[in-house]
Amino acid sequence: MFETLVQAIAQGVLLGGYYAIIAAGLSLMFGVVRFINLAHGDMLVLGAMLALFAVEGMGWPVWLAVLTVLPVMAALGWLAQGLMFERALQGGALLPILVTLGLGAALQNAMFGLFGSNTRSLGAHIGALSWSGWTLPGGITLGKLPVLVFVTAVGVLGLLHLMMTRTRLGRAIRATASDPEAAELCGIDARRVHRAAAAIAAALAALGGVFLAMRAQVTPYAGPAQLIFAFEAVVIGGVGSLWGTLIGGIVLGLAQTLGGAIAPQLSLLAGHLVLLAALAWRILRDEAAARGGWRALTLRGGETR
């Protein structure tokens, strides 16, 4: 029983690395552009499908396919922000939701038409990496692919953190996220910053899609499920926080693996329950803060009198 619990915890932590990768782009878009891209999961699957086409249809090695797909998806993210998302944001709160829903549906049907509906995977193209692992003392097994995904997640988030704190683009992104109007007055082109954030988010989605194709089967309609996982990791870890997405991903992964250890049907349900608990806690916290602020204001008013 103890070994099963430790194994579930280890697998949950490693699974959190994958969730952090797919959530980082979603969190970045909301933190900088103030925009929730509901087509994020479908862009993730598009990255996976492009990598699969490069490997299976063109005979490329997996590493070359990944190095090619990431900049291609970044360019698509840049174009999507410039051609669609910017204009949608000018049309009120409802239009961006409709635009991203339409984009997601268009991507799903385009992938269905181009690649078919069969499930596909990169697992057969990465050799022993897809199934081999290390056995630790106590019988705990760690798969090489989950460890690679987790290490990549930490490395990617670390590079993003350095970019945000040490580069001119990162400082522009943080300034625009804090106050777009003030950033414009300081000479920062907020539109270019938003497009750069969208390009980074799309590349992160593609990276997550490649890892999804390595660890599981993908279909053109797998995007909405991945969007839900990314959204849960963002909410649990805190919207707009890069390292928070890693924490949120780990918490979500632990909830799913521990729930699955109790009963297989509890795996996804446990993750959803953790999301609801996080939302309830934030609502109660905000309400308590609002009541405290009102009481303090009333008290200061009474003392003034």
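Output the number of residues of segment 140-156 satisfying the condition of being in contact with a helix residue (DSSP H, G or I) (Cβ under 6 Å, 6 or more places away or on another chain) and farther than 15 Å from residue 253 by Cβ.
Final tally of qualifying residues: 2.
Only residues that are polar (S, T, N, Q) and touching a Gly at 6+ places or on another chain (Cβ under 8 Å): list them for segment 117-171, please.
Scanning segment 117-171 gives 130, 132, 141, 152.
Among 79, 67, 83, which is the only one that is closer than 30 Å to residue 191 by Cα, more than 22 Å from the chain's Cα centre (by Cα) and not polar (S, T, N, Q)?
83
Does residue 77 fit the bill of being more than 26 Å from residue 142 (Cβ to Cβ), surrounded by fewer than 24 Cβ atoms within 10 Å (Cβ to Cβ) and out of contact with any Leu (no Cβ under 7 Å at 6 or more places or on another chain)?
When the stated conditions are applied, residue 77 does not pass them.
Quick one: is residue 32 in contact with a helix residue (DSSP H, G or I) (Cβ under 9 Å, 6 or more places away or on another chain), hydrophobic (A, V, I, L, M, F, W, C) and over 14 Å from residue 195 (Cβ atoms)?
No, not satisfied.
Working carefully through the options 101, 95, 38, find the one that is touching a helix residue (DSSP H, G or I) at 6+ places or on another chain (Cβ under 8 Å), touching a residue at least 60 places away in the same chain (Cβ under 8 Å) and either hydrophobic (A, V, I, L, M, F, W, C) or surrounded by fewer than 23 Cβ atoms within 10 Å (Cβ to Cβ) (or both).
Going through 101, 95, 38 in turn, just one is touching a helix residue (DSSP H, G or I) at 6+ places or on another chain (Cβ under 8 Å), touching a residue at least 60 places away in the same chain (Cβ under 8 Å) and either hydrophobic (A, V, I, L, M, F, W, C) or surrounded by fewer than 23 Cβ atoms within 10 Å (Cβ to Cβ) (or both): 38.
Select from segment 223-278 the residues that are surrounded by fewer than 21 Cβ atoms within 10 Å (Cβ to Cβ) and either polar (S, T, N, Q) or not in a helix (DSSP H, G or I) (or both) and list them in ascending order.
Across segment 223-278, the qualifying residues are 238, 239, 240, 241, 263, 265, 267.
Report, ordered by the first and then the second residue, all pairs with beta carbons closer than 8 Å, sequence separation of six or more or different chains, a first member in segment 114-137 that is of a type in the set (D, E, K, R), and a second member that is in a loop (DSSP other than H, G, I, E, B).
120/217; 120/219
Each value in this text was obtained by applying a stated rule to the coordinates, not by laboratory testing. In this text the structure is predicted, and so the values were computed from the model without any measurement. When we count neighbours, we look across all protein chains shown, and the Cβ atoms used for this are built from the backbone with ideal geometry, even at glycine.
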